Amino acid sequence: MALSARNRLSGTVKSVKTDEIMAEVVVELGDGQTITSTITRGSADRLGLSESDEVDAVIKASEVMVDKE
């Protein structure tokens, strides 16, 4: 599949937590850092996500916010 997003991070699913509507997927990158994505439960089920799966986190953001207290 061809995507326009240029930011693709490969990693391993560390955890998948689901409720009735949403799923929180934590992906561990090769350097030990983690990235967390919140997706619909339907998408998580369709992908068949489970711990230790090899996945790509594809990032396409139209804005990035920075906050400082």
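Quick note: the coordinates plus some simple rules give every number you see, no bench work behind them. Being a predicted model, the structure only gives us computed values, none of them experimental. Here the Cβ positions follow ideal geometry from the backbone for every residue, glycine too, while neighbour counts run over all protein chains shown.
Screening the candidates 43, 15 for the property of being assigned to a strand (DSSP E or B), touching a strand residue (DSSP E or B) at 6+ places or on another chain (Cβ under 8 Å) and without any contact (Cβ under 8 Å) to a residue 40 or more places away in the chain yields one hit, 15.
Within the range 1-18, can you find the residues that are of a type in the set (Val, Ile, Thr) and closer than 14 Å to residue 57 by Cβ?
First, the residues of the range 1-18 that are of a type in the set (Val, Ile, Thr): 12-13, 16, 18.
Hits for the range 1-18 are 12, 13, 16.
For residue 28, the criteria (1) loosely packed, with under 14 Cβ neighbours inside 10 Å; (2) part of a strand (DSSP E or B); (3) among the acidic types (Asp, Glu) hold in every case but one, which is (1).
Scan the range 31-40 residue by residue and report those that are loosely packed, with under 14 Cβ neighbours inside 10 Å and in contact (Cβ under 8 Å) with a residue 12 or more places away in the chain. Give the derivation first.
To start, the set of residues in the range 31-40 that are loosely packed, with under 14 Cβ neighbours inside 10 Å comprises 31-34, 36, 38, 40.
Across the range 31-40, the qualifying residues are 34, 36, 38, 40.
Within the range 46-58, being under 16 Å from residue 12 (Cα atoms) and either among the charged types (D, E, K, R) or part of a strand (DSSP E or B) (or both) holds for 51, 53, 54, 55, 56, 57, 58. Residues in the range 14-69 that are polar (S, T, N, Q) and at positive phi: 52 only.
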